[in-house]
Every structure is written in C-alpha cells, then in structure tokens.
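**Student:** Quick one: structure below, then a few questions.
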Amino acid sequence: AQGSGLVNMNNSADQAMKDRFQAQWDRMLQQFQGVGGLGFSSQIKPVLRFDSHVSFDPNQISQDYVPFYTCAPQGNETLNFIPKNVLHYQWSNCFKADHIWGQFKKELAKADSAQANVTQYEQMLGLSIDNDIVPAIGEEIGGYPQDVQLGGVFPPPKFLFFVKVHNNAVMDKLLGFLAN
C-alpha cells in the first residue's frame with residue numbers, strides 16, 4: 001500500500017512538472033506567432049559578415065512585440081564612431097523604452113511592494129521614470145565588446161554600450177547617481 005501511494009505521488013509530481021514545462025513552452029512559442037520564416041547568411045570576404053532575416057505577418061504577432069518589429073529602416077550613423085577593429089558590433093533603431101517600461105510595470109504590478117520601491121528610487125534620483133527618464137531615451141541602441149580583462153581566474157569582457165539620448169540633463173543626473 002505504501003509503494004502505490006509513493007508511485008501516485010511521483011506521477012502527480014511528474015504531471016505537475018510536465019504541465020509547468022508545457023505552459024512555459026507554449027508562452028515561448030507564442031512569441032513566434034506570426035513568424036513566416038527565418039533566414040541567415042554570411043560572407044567571409046572582403047569583411048566577415050553575418051546577417052539574419054525574419055519575415056512575419058504583423059497582424060498575427062503578439063501586440064507586445066509589434067513595436068520592435070515594425071520600426072522604419074534608417075541609416076546607421078553610429079558607424080562613424082565605432083573602431084574599425086572591433087570583433088562584434090550591434091546596433092538597432094528599434095529600442096522602445098516606453099514600451100519596455102510599460103511591460104516592466106505590468107510585471108511590477110504583480111509584486112506587492114514594487115510600486116513603493118519604484119517611488120523610493122524616483123525620490124532618491126529626483127527623477128520620474130515615466131516623465132523624465134523614459135522620454136530622455138531615444139530609439140537607437142548598440143554596443144560592442146571593447147576588451148577582455150586578462151589576469152584573473154575568469155577574464156571578464158568589457159563592453160561599450162550606447163543609446164541615443166533626447167535629454168542630456170536627465171541622463172547626466174541619472175548617470176551621476178549611478179556612478180556614486
């Protein structure tokens with residue numbers, strides 16, 4: 001009798017684990033809803049280059065992702081200040097700080113003390129995330145690995161990260177706070 005109870009408990013635990021995995025898998029697949037195809041290409045000469053292409057139906061993808069996939073193409077002026085010898089470089093003109101912050105606030109709403117913590121940080125900063133910080137951030141974002149710090153047990157890479165700024169005074173205040 002004890003053995004059958006143990007088996008039933010394991011079966012129900014196994015089923016609960018399978019159900020959680022299936023729910024996570026379904027959420028992950030939902031992110032790809034509306035994607036019609038993925039493509040990848042590369043070239044070795046004259047410069048090593050990798051390109052990826054995604055085709056999708058904007059009417060079928062989740063509305064949470066539409067802003068990231070439907071921005072208009074534009075010229076990349078950041079190439080003018082990227083060193084010629086970097087190993088990797090990433091740039092996008094689809095950084096939507098307002099949308100990301102909106103999604104983040106939805107998640108914060110699920111936590112009991114999250115809004116109080118946000119308010120506390122805003123008071124310490126002297127800046128409102130909604131009214132000051134988010135509008136100060138532009139839609140261009142990028143970066144590249146700059147160096148690798150050798151000599152330790154684990155050589156951490158150093159990255160240079162950049163973002164388009166609409167309000168220098170707000171960003172100077174934020175960076176000054178973060179630096180202290």
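**Student:** What size of dipole, in debye to the nearest 20, comes out for segment 25-180 about its Cα centre when the only charges are +1 on Lys and Arg C-beta atoms and -1 on Asp and Glu C-beta atoms?
**Tutor:** In total the dipole reaches around 440 debye.
**Student:** What are the semi-axes of the equivalent ellipsoid of segment 43-85, taken as the square roots of 5 times the eigenvalues of the Cα gyration tensor, listed largest first and rounded to whole Å?
**Tutor:** Gyration-tensor ellipsoid for segment 43-85: 29, 16, 8 Å.
**Student:** Tell me the label-point distance for the pair L48, I100, using the 7 Å Cα-to-Cβ offset, in nm and rounded to one decimal.
**Tutor:** Reported label-point gap for L48 and I100 is 2.7 nm.
**Student:** Lysines within cross-link reach of K96: Cα-Cα under 20 Å, excluding same-chain residues under 8 positions apart?
**Tutor:** K105, K106, K164
**Student:** Using the beta-carbon distance between Q90 and A23 and R0 = 30 Å, what value does 1/(1 + (r/R0)^6) give for FRET efficiency, to the nearest 0.05?
**Tutor:** 0.45
**Student:** At a probe size of 1.4 Å, how large is the accessible area of H53, to the nearest 10 Å²?
**Tutor:** 110 Å²
**Student:** Fully extended, how many nm does the chain gain between A169 and Q63 (0.36 nm per residue separation, minus their Cα-Cα distance)?
**Tutor:** 34.9 nm
**Student:** Another question, if that's okay. Using per-residue counts of other Cβ atoms within 10 Å, averaged over each peptide, order 170-177, 120-127, 18-25 from highest down.
**Tutor:** Packing proxy ranking, top to bottom: 170-177, 120-127, 18-25.
**Student:** Specify the residue with the greatest mean-square fluctuation among D130, D98, D51, computed from a Gaussian network of the chain linking alpha-carbon atoms under 10 Å apart.
**Tutor:** D51
**Student:** Taking the alpha-carbon distance from K45 and a cut-off under 23 Å, which lysines remain once sequence neighbours fewer than 8 residues away in the same chain are dropped?
**Tutor:** K84
**Student:** Same structure, new question: Roughly to the nearest percent, how much of the accessible area of segment 14-114 is carbon and sulfur, given a 1.4 Å probe?
**Tutor:** Within segment 14-114, the accessible surface is 56 percent carbon and sulfur.
**Student:** Rg and Dmax of the chain over Cα atoms: what are they, in angstrom?
**Tutor:** 22.8, 75
**Student:** Please report, in whole Å³, the volume per residue of the convex hull around the C-alpha atoms of segment 70-136.
**Tutor:** Output value, Cα hull per residue: 156 Å³.
**Student:** Follow-up question, since we're still on this one. Please report the accessible area of F95 (heavy atoms, 1.4 Å probe, ligands and nucleic acids excluded) in Å², nearest 10.
**Tutor:** Here the accessible area works out near 50 Å².
**Student:** Sticking with this structure for a sec: What ranking of I61, I44, I137 comes out by heavy-atom accessible area, probe 1.4 Å, highest first?
**Tutor:** I44, I137, I61
**Student:** Nearest 500 deg cm²/dmol is fine: what mean residue ellipticity at 222 nm does the chain get from its DSSP H runs of n ≥ 4 alone, each adding -39,500 (n - 2.57), divided by its residue count?
**Tutor:** -12500 deg cm²/dmol
**Student:** Still on this model: Accessible area per residue for the chain in Å², computed with a 1.4 Å probe and the full protein assembly in place, what is it?
**Tutor:** It amounts to 77 Å² per residue over the chain.
The values are calculated or read from the model by the stated rules, or taken from the named source; none is laboratory data. Quick caveat, the model's predicted, so the values are computed rather than measured. Using ideal geometry, Cβ is built from the backbone for each residue, glycine included, and neighbour counts are taken over all protein chains shown. Areas reflect the complete protein model, heavy atoms only, side chains present, ligands, DNA and RNA absent. Shrake-Rupley method; radii C 1.70, N 1.55, O 1.52, S 1.80 Å.
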